[in-house]
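Everything below concerns the one structure shown next.
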Amino acid sequence: MRLEDLDVFRAVHETGNFQRAALRCGLSQSAVTKVVRKLEDEFGVQLMERGGRSLALTPAGRTLYQRAMELSELTAATRRDMAGEMAALRGAIRLGVVPALLGSVAAPVLADRLPGPHAVQLLVSVKHSAELVRMLEEGKLDLAVCFGVQHLPPDVLRTRVGPQRYRLVVRAGHPFAASIPSLEQLSKSRWLLPTSDVTLRTEVERMFADAGFGALDVRVETDTSATLLIPLLRRSDLITVLPEQAFQPLASEGLAALDVDLHALTGEVTVYHRRKTPSVGLLMALKHRLEAQARSNALTGPHGRHSAKESM
């Protein structure tokens, strides 16, 4: 029995016939048939009922299918672990970070590590939180510094390191820039928000839903950081939500933060890593340094002390 044979067996069951399984596996139909017969001969049991227009698994076939699924997941996890070990062996650490935390958390820590005695190569990916956690789950990253996500994969651990404040941001000449808009006025405005799988989007919509308002008019939806769409924000009346760290460098560049209480949107800066991290002390040292930097920012940065008190 080979793992490839189990993949073919799974394909026959999941596609419903030998022909579609052959297309999926890149084999001839006769080769797929031979694989299934080989498995049946090896175990001495019939795995599939071959009658009618569709194939059905026998009780033994269902058992083998379940084991094949488990082995497939174990194989994928093993490949992810080995990819991490290979990167560690090369002296590389694969770090993911959201744009808002690149300058305030990641950059100071990485700059301190570069002159050190250890020849460490840093591979940095800058994406939004949900994508970074997915990459971590797939073994493409060792660490991720970002914000909270809706779904935490079972193989990923998180350490919450500090509160996160958000601001509603518009162009400097926006009608709301010189006033204090109500939630009702905001609910009727046009928005630039992340895609629906991003936690921040969910929290924004929940804030308005809890206040009794309907769905927001999201005119622009993005799967990357809203900071990359700042030129569009400056030329329109769109409203977006930015982390405090992302807004501060932009405050003098034609943007304004609305005077609105966003206590309901206070989130957390979080460091994520996989349960089975590569066997290298440098990785954990970097993790602890990133956590310390994020905690320091939460206490000493803009509105830091106020945020920490509110989140208690």
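All of the numbers you see were taken from the coordinates with simple rules; none came from a lab. Computed from a predicted model, the values in this text were never measured in an experiment. Here the Cβ positions follow ideal geometry from the backbone for every residue, glycine too, while neighbour counts run over all protein chains shown.
Full extension of the chain between Thr78 and Lys38 gives 11.8 nm of extra length, using 0.36 nm per residue less the Cα-Cα distance. Only helices enter this figure: runs of n ≥ 4 DSSP H residues, each worth -39500 (n - 2.57), summed and divided by the residues of the chain, yield -13500 deg cm²/dmol at 222 nm to the nearest 500. Evaluated over the chain, the count of Lys pairs having alpha-carbon atoms less than 23 Å apart is 6 (only pairs 8 or more residues apart or interchain). Near Val149, once Lys and Arg are set to +1 and Asp and Glu to -1 for all other residues with Cβ below 13 Å from its Cβ, the sum equals 0. Protection proxy ranking, highest mean first, for peptides 161-172, 6-17: 161-172, 6-17, where packing is the per-residue count of other beta-carbon atoms within 10 Å, averaged. Report the Cα centroid-to-centroid distance between segment 15-83 and segment 112-182 in angstrom, as an integer. Rounded to whole Å, the Cα centres lie 40 Å apart. Taking 7 Å steps out from each Cα toward its Cβ at Leu282 and Lys188 produces label points 5.9 nm apart. Take each peptide in 208-217, 227-236, 267-276, count the other Cβ atoms within 10 Å of every residue, and average; sorted highest first, the result is 267-276, 227-236, 208-217.
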